[in-house]
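Read through the structure below, which is laid out as structure tokens, and then see the notes.
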Amino acid sequence: MKHIINLYENINETARNNSDCPHVVLPEEIFFTISIAGVLENLIVLLAVIKNKTLQAPMYFFICSLAISDMLGSLYKILENILIMLRNMGYLKPRGSFETTADDIIDSLFILSLLGSIFSLSVIAADRYITIFHALQYHSIVTARRAAAVLAVIWTCCTCSGITMVIFSHSIPTVITFTSLFPLMLVFILCLYVHMFLLARAHARKISTLSRANMRGAITLTILLGVFIFCWAPFVLHILLMTFCPNNPYCACYMSLFQVNGMLIMCNAVIDPFIYAFRSPELREAFKKMIFCSRYP
């Protein structure tokens, strides 16, 4: 994000000098390659669900929402690299009105990616909960129309929030709001997991009769959540340290890994489609049909 990078570049030089940690710089080619792979992989996920009628169910709608979030995160970096390239070639006036507007739009995509991922994972967790403990009523509770309505509300809120956060990005309350969504999502999903565990103990026989597909979906969510935390938590921590202790040498030492943390975010978009393919036989079959140009039912 432009605003984060600008703040990072303005960190007190004394803190950097007091830190023994060198600033880690990664080649832009690495970011660009990973971002391209992330866009293509998640686009394949979207096309597989769109073209395969057997995958057009609420659960896969929610997975598509997460895929869109990942794709936006990768697209952000691609557009940022193109903007930097055009500026270096002299086609854009540095800090001109067009570049400033383009930066704000690109930053909105980045924030939208994080917010979309948070809410998509949360709604997937709620879907898995209903699937496991209200299996008989699932199709009456989670209909395609309701799933579409929930996703429409989520993405409308995420879009408005993303624009608002970019406008007020230098405000500390904005930073606190932005970073607090991350632990709030974890608390929500953790509460669902604890409740699921307690119900599972109380209804052990009933749970044992559940279909393996439902349990596989819960395990898939756990893997997706673990990867999301691993890839995004270092960046969220970076924002907090940069806001509240920018002059501390230890904070500056951690912040020297800014580009490494950014690369982890890009990797999240590449890893998730592999998780879908590995955990879902239906998606794996759809991918094979797309690759070998087979006809869809």
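The values are calculated or read from the model by the stated rules, or taken from the named source; none is laboratory data. Please read all numbers here as calculations on a predicted model, not as lab measurements. Cβ coordinates were reconstructed from backbone atoms using ideal geometry, including for glycine residues, and neighbour counts include every protein chain displayed. In case anyone asks, the SASA skips ligands and DNA or RNA and just uses the protein heavy atoms, side chains included. Shrake-Rupley method; radii C 1.70, N 1.55, O 1.52, S 1.80 Å.
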Exactly one of 28, 99 is closer than 30 Å to residue 255 by Cα and open to solvent by 70 Å² or more (accessible area, probe 1.4 Å), and that one is 28
Count, please, the residues in region 42-52 that happen to be in contact with a Phe, Trp or Tyr (Cβ under 8 Å, 6 or more places away or on another chain) and not basic (Lys, Arg).
5
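Residues are listed down the side, and each one gets a yes or a no for (1) modelled with pLDDT of 90 or more; (2) within 27 Å of residue 163 (Cβ to Cβ):
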{"residue": "9", "(1), (2)": "no, yes"}
{"residue": "23", "(1), (2)": "no, no"}
{"residue": "29", "(1), (2)": "no, no"}
{"residue": "56", "(1), (2)": "no, no"}
{"residue": "62", "(1), (2)": "yes, yes"}
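Check whether at least one residue in region 213-224 is modelled with pLDDT of 90 or more, surrounded by 15 or more Cβ atoms within 10 Å (Cβ to Cβ) and farther than 28 Å from residue 260 by Cα, and report yes or no.
The first filter runs over region 213-224 and keeps only residues modelled with pLDDT of 90 or more, leaving none.
The answer is no; no qualifying residue exists.
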Would you say residue 143 is within 16 Å of the chain's Cα centre (by Cα), open to solvent by 30 Å² or more (accessible area, probe 1.4 Å) and among the polar types (S, T, N, Q)?
no
Does region 252-259 contain at least one residue that is assigned to a helix (DSSP H, G or I), within 23 Å of residue 77 (Cβ to Cβ) and small (Gly, Ala, Ser)?
no
Positions within region 276-294 being in a helix (DSSP H, G or I) and buried (at least 18 other Cβ atoms within 10 Å of the Cβ), in sequence order:
276, 277, 283, 286, 287
Taking region 36-61 and keeping only residues that are of a type in the set (D, E, K, R) and open to solvent by less than 70 Å² (accessible area, probe 1.4 Å), one is left with 41
Considering region 133-150 alone, what residues qualify as being closer than 12 Å to residue 59 by Cβ and among the hydrophobic types (A, V, I, L, M, F, W, C)?
142, 144, 147
Inter-residue pairs, beta-carbon under 6 Å, first within 28 Å of residue 59 (Cβ to Cβ) and in region 217-245, second among the charged types (D, E, K, R), 6+ apart
217/128; 218/128; 220/279; 221/128
Restricting attention to region 231-256, the residues that are out of contact with any His (no Cβ under 8 Å at 6 or more places or on another chain), surrounded by 17 or more Cβ atoms within 10 Å (Cβ to Cβ) and either within 23 Å of residue 37 (Cβ to Cβ) or small (Gly, Ala, Ser) (or both) number exactly 5
Given the options 109, 79, name the one that is at pLDDT 80 or above, open to solvent by 60 Å² or more (accessible area, probe 1.4 Å) and within 18 Å of residue 262 (Cβ to Cβ).
79
In region 35-53, the residues that are under 15 Å from residue 268 (Cα atoms) and in contact with a Lys or Arg (Cβ under 9 Å, 6 or more places away or on another chain)
35, 38
